[in-house]
Amino acid sequence: MGFPELMGYFVMAGYRRLLWRNDMLEDLVLKNRSYRRFHEDVAVDVATLRELIDLARLSASARNMQPLRYILCSDRDTNAEIFSTLAWAGYLKDWPGPMEGERPAAYIVVLADTTNAIHAYIGVDHGLAMQNILLGAVERGLGGCIIGSIQRDRLRKILAIPESYEILEVLALGKPKETVVVDPVNPDGDIKYWRDAGGVHHVPKRSLDDLIIAELR
């Protein structure tokens with residue numbers, strides 16, 4: 001194989017690796033759904049939660065203030081107490097949340113250190129951090145759900161969270177016990193997620209063309 005052929009081989013090999021990496025990222029994003037039912041008996045240990053927080057640690061931070069703090073929990077009894085403070089799936093009016101055996105195996109409570117934050121920027125930070133956490137979870141065969149409907153005063157008391165920390169969100173984590181699929185939004189524009197008779201969770205997503213207002217070339 002001459003030099004031109006050798007260079008061509010390496011270029012094509014690099015191109016194939018790039019395509020594979022792009023496909024892998026797209027697959028990871030597609031698998032990163034909001035899972036609400038889990039194999040509760042499949043433990044998620046604190047070491048794994050620490051790995052996920054390390055991904056969050058590397059996220060961009062407005063003005064690099066890094067105000068986010070986390071409480072990690074994989075203890076069954078404490079999990080039950082955290083679960084009691086959460087509300088699940090607002091669009092599924094007749095579903096009160098996962099039953100015993102399908103509840104999260106672990107939680108990450110996302111906090112903001114209000115002594116080290118400009119409040120207007122916190123939402124940017126924790127959105128980026130939680131996406132990194134969830135992508136890392138999917139890569140490890142796990143899944144999660146970001147929950148914002150929280151009885152915050154109760155949760156603060158249960159976990160003895162100091163008042164200087166604002167409770168932002170709770171991430172529920174575990175091995176998914178449900179199938180979540182992405183559907184196109186119906187012509188009527190309804191974006192509410194729903195479950196079919198087989199328990200498959202459907203999430204309508206707007207089309208790419210619906211999202212792009214203009215293409216300037």
DSSP loop (so not H, G, I, E, B), at most 16 other Cβ within 10 Å: list which trypsin sites (Lys or Arg not before Pro) in the range 148-209 pass both filters.
K192, R206
The chain accessible area per residue, 1.4 Å probe, protein heavy atoms, integer Å², reads 62
Can you pull the one-decimal nm distance between simple spin-label points at T78 and R152, each 7 Å off the Cα toward Cβ?
2.1
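Once you charge only the Cβ atoms, +1 for Lys and Arg and -1 for Asp and Glu, what is the size of the charge dipole of the range 104-217 about its Cα centre, to the nearest 20 debye?
So the dipole magnitude of the range 104-217 works out to roughly 420 debye.
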Set of lysines with alpha-carbon distance to K192 below 17 Å, sequence-local pairs under 8 removed:
K93, K205
Return the long-range amide H neighbours of Y35 (sequence gap of 5 or more, or a different chain), with a cut-off of under 5 Å between placed amide H atoms.
G144, C145
What nm distance separates the two modelled labels at T115 and K192, each placed 7 Å from Cα along Cα→Cβ?
4.6
Under 16 Å Cα-Cα from K177, which lysines qualify once same-chain neighbours fewer than 8 residues away are excluded?
K31
To the nearest 20 Debye, how big is the dipole of the range 35-90 about its Cα centre, given +1 on the beta carbon of each Lys and Arg and -1 on that of each Asp and Glu?
400
In degrees between 0 and 90, to the nearest 10, how far off the longest principal axis of the chain does helix 46-57 point, with axes built from Cα atoms?
60
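Counting only C-alpha contacts under 8 Å and six or more residues apart, can you give the relative contact order of the chain as a whole percent?
Relative contact order, the chain: 26 percent.
Of the accessible area of the chain, with the probe set at 1.4 angstrom, what percent is carbon plus sulfur? If you can, show how the numbers build up before the last one.
Working: 7320 of 13380 Å².
Within the chain, the accessible surface is 55 percent carbon and sulfur.
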Over all viewing directions the Cα convex hull of the chain casts an average projected area in nm² of 18.1
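The values are calculated or read from the model by the stated rules, or taken from the named source; none is laboratory data. Note that the coordinates shown come from a computational prediction; the quantities given were computed from them, not determined experimentally. Don't worry about glycine lacking a Cβ; one is built from the backbone with ideal geometry, like all the others, and counts go over all protein chains shown. All accessible areas refer to the heavy atoms of the entire protein, side chains included, with ligands and DNA or RNA removed. Shrake-Rupley method; radii C 1.70, N 1.55, O 1.52, S 1.80 Å.
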